[in-house]
Each structure stands twice: as C-alpha cells, then as structure tokens.
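K.L.:
Pasting a structure here, questions to come.
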Amino acid sequence: MSYIDGFVAAVPTANKAQYLEHARKGDAIFVEYGATRILECWGDDVPEGKLTDFRRAVQAKDDETVVFSWIEWPDKATRDAGMAKAMQDPRMAPEHNPMPYDGKRLIYGGFAPLLELKK
C-alpha cells in the first residue's frame, strides 16, 4: 500500500511564482528517488475556524497564502530510502533551492493510508 508525506506552509502571496519554481525543483528530486505523485495546492478556500484551522496551524499572516501539498510513495520503505537520499542531495540545499517562505512554520508528517475510494 502507498505511503503519503503531507505538508502545510504559509507562503507570502507575493512569492507564488518563486514557490512554484522551488516546488518544481524539489519535487523533481523526490520523483527521481521514487515518489509516484506530488500535488502542490495553493490555498483558495481556507476558512478560519473557531478553535483551529490551517492558517493558525502555520501562523499565516494576512499577506500569506496557505499551501497544502503531498507526496505519494509506493510504500513506506521506498519513502524512507527516497526521503533520506533527497535530504542528502545537494540540489535540495538552500543555496541551490531557497525556500520562499518561513520553513520554521512548515508542518509535515508521514501517513499510512487508512481508506482509499476511487471512481
């Protein structure tokens, strides 16, 4: 069964083009190391909640947009090996692919699928 890495970040809205370029470069490396699918989603309808929400989770400011993305891997073993290789790849270093957002507010995690429905 597949394995998913999920990410949520607050990106300065003015940096949308830079974020897309950053994602293209980094995501290509994940695919090179075994990822089967990557989605980068720019916040379009991200409501404020009463207790918590995506914006609060990443401390998004008024001039920032919430980005939600995920990487699909064929299985956890491929993810563990691929992620380790990607993190050591010099192309991922900030001097080669700088983050156009505050990486300290990025939240992420690995997830084992529980249910999948397809049409």
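K.L.:
State the extension gain, in nm to one decimal, for the chain segment bounded by ALA17 and ARG56, taking 0.36 nm per residue of separation less the distance between their alpha-carbons.
P.N.:
Between ALA17 and ARG56, full extension yields an extra 11.7 nm.
K.L.:
Rounded to the nearest 500, what is the 222 nm mean residue ellipticity of the chain from helices alone, with -39500 (n - 2.57) per DSSP H run of 4+ residues and division by all residues?
P.N.:
One gets -8500 deg cm²/dmol as the mean residue ellipticity at 222 nm.
K.L.:
Let's test the formula: R0 of 22 Å, r as the Cβ-Cβ distance of PHE7 and ASP89. What FRET efficiency results, to the nearest 0.05?
P.N.:
Working: r = 18 Å, r/R0 = 0.80.
The pair PHE7/ASP89 has a calculated efficiency of 0.80.
K.L.:
Let me check against my output: what whole-number percent is the relative contact order of the chain, with C-alpha pairs under 8 Å and at least 6 apart?
P.N.:
On the way: 188 pairs, mean separation 58.4, N = 119.
In percent, rounded to a whole number, it is 49.
K.L.:
Could you pull out the longest piece of the chain with no exposed loop GluC sites (Glu not before Pro) in it, calling a site exposed if DSSP puts it outside H, G, I, E, B and it has at most 12 other Cβ atoms within 10 Å?
P.N.:
Value returned for the longest uninterrupted segment is 1-47.
K.L.:
Under 19 Å between C-alpha atoms is the cut-off here; go through the chain and count lysine pairs that meet it, provided they're at least eight residues apart or on different chains.
P.N.:
7
K.L.:
How much accessible area does LEU106 have with a 1.4 Å probe, in Å² rounded to the nearest 10?
P.N.:
Only protein atoms counted, so the area is about 40 Å².
K.L.:
At 1.4 Å probe size, put PHE54, PHE30 in order of accessible surface, largest to smallest.
P.N.:
Ranked from most to least accessible, the order is PHE54, PHE30.
K.L.:
Let me ask something else. Tell me the accessible surface of TYR3 in square angstrom (1.4 angstrom probe, heavy atoms of protein chains only), to the nearest ten.
P.N.:
Ignoring ligands and nucleic acids, TYR3 comes out at about 20 Å².
K.L.:
Rg/Rh for region 7-111: what does it come to with C-alpha atoms and Rh from Kirkwood?
P.N.:
With Rg and the Kirkwood Rh in hand, the quotient comes to 0.98.
K.L.:
Now a separate question. As a test question: what accessible area, to the nearest 10 Å², does MET1 have when a 1.4 Å probe is rolled over all protein chains in place?
P.N.:
Accessible area of MET1: about 150 Å².
K.L.:
Further question: Which value, in Å², gives the accessible area per residue of the chain when a 1.4 Å probe is used on the protein heavy atoms?
P.N.:
Result: 67 Å² of accessible area for each residue.
K.L.:
Which percent of the accessible heavy-atom area of region 7-111 goes to carbon and sulfur, probe 1.4 angstrom?
P.N.:
Within region 7-111, the accessible surface is 56 percent carbon and sulfur.
The values are calculated or read from the model by the stated rules, or taken from the named source; none is laboratory data. Keep in mind it's a predicted model, so treat the numbers as computed, not measured. Quick reminder, even Gly has a Cβ in these numbers, built from the backbone with ideal geometry, and neighbours come from all protein chains shown. Surface accessibility is based on the protein's heavy atoms, side chains included, excluding ligands, DNA and RNA. Shrake-Rupley method; radii C 1.70, N 1.55, O 1.52, S 1.80 Å.
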